[in-house]
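The values are calculated or read from the model by the stated rules, or taken from the named source; none is laboratory data. All values reported here derive from a predicted model rather than from experimental measurement. All Cβ positions, even for glycine, are placed from backbone atoms using ideal geometry, and neighbour counts span all protein chains on display.
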């Protein structure tokens, strides 16, 4: 998902599962992910906790309608500048059911750049790929991704793909284009 490639309004993954069924801590009610992503996320969180890192899921799957409301809030606050902070409906990775936003007490349970200064964020940068998760919008890649740096936003792409992406040094968008998942624009 990016500015140029979207999903139809009615798209919803068929294998969404509640994160509470995996014992995953969440904010603001129940959150959902696709089954494989949730399974791997549970492993990631258990290992992070064993390393002394707190991670809480602030957001998982988000429907087209939920993204409409989210994007409208950001647009009301930031106007045209919201495009680099919030995807338009149909273009959010959250609608895929494989994206997750993390927070913790050190970040005040907020989704904002201070999360990038936490030890939990450093742990994710070093280890998330081992569980199939990658940072979708890394610092310094804003031109390629079309979004501001979001140290809290990770996407599940599978363990092998995450390893290959990490080794390639490419952005997720360039990696997906290189592998024929999305066309070059």
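The set of residues from region 160-175 being surrounded by 15 or more Cβ atoms within 10 Å (Cβ to Cβ) and either in contact (Cβ under 8 Å) with a residue 60 or more places away in the chain or out of contact with any helix residue (DSSP H, G or I) (no Cβ under 9 Å at 6 or more places or on another chain) (or both) comprises just one member, 173. List pairs: first residue in region 71-88 and part of a helix (DSSP H, G or I), second residue surrounded by fewer than 16 Cβ atoms within 10 Å (Cβ to Cβ) and at pLDDT below 85 anywhere in the structure, Cβ distance under 8 angstrom, at least six positions apart or on different chains. Qualifying pairs under 8 Å: 74/85; 78/85; 83/3. Going by the conditions given, is residue 151 part of a loop (DSSP other than H, G, I, E, B) and within 17 Å of residue 175 (Cα to Cα)? The answer is no for residue 151.
Among the residues of region 150-185, the ones that are closer than 18 Å to residue 84 by Cα and at pLDDT 95 or above come to 6 in all. Of the set (1) outside any helix (DSSP H, G or I); (2) under 17 Å from the mean Cα position of the chain (by Cα); (3) within 22 Å of residue 6 (Cβ to Cβ), all apply to residue 144 but (1).
Just checking, how many residues over region 29-41 are surrounded by fewer than 17 Cβ atoms within 10 Å (Cβ to Cβ) and within 17 Å of the chain's Cα centre (by Cα)? Give the steps one after another, and end with the answer.
Narrowing region 29-41 to residues surrounded by fewer than 17 Cβ atoms within 10 Å (Cβ to Cβ): 29-30, 35-36, 39.
Now drop any that are not within 17 Å of the chain's Cα centre (by Cα), which leaves 30, 35-36, 39.
Number of matching residues: 4.
Within region 89-106, the residues that satisfy the criterion of being closer than 12 Å to residue 155 by Cβ and part of a helix (DSSP H, G or I) are 93, 94, 95, 96.
From the list 62, 139, exactly one residue is in contact with a helix residue (DSSP H, G or I) (Cβ under 6 Å, 6 or more places away or on another chain) and either crowded, with 20+ Cβ neighbours inside 10 Å or not in a helix (DSSP H, G or I) (or both). Which is it? Walk me through how you get there before you give the answer.
Details: 139 fails: in contact with a helix residue (DSSP H, G or I) (Cβ under 6 Å, 6 or more places away or on another chain).
Just one listed residue meets the conditions, 62.
Condition test on residue 109, is it at pLDDT 95 or above, loosely packed, with under 15 Cβ neighbours inside 10 Å and either in a loop (DSSP other than H, G, I, E, B) or in contact with a helix residue (DSSP H, G or I) (Cβ under 8 Å, 6 or more places away or on another chain) (or both)? Yes; evaluated as a whole, the condition is true for this residue. Applying the set (1) within 27 Å of residue 42 (Cβ to Cβ); (2) assigned to a loop (DSSP other than H, G, I, E, B); (3) modelled with pLDDT of 90 or more to residue 134 leaves exactly one unmet item: (2).
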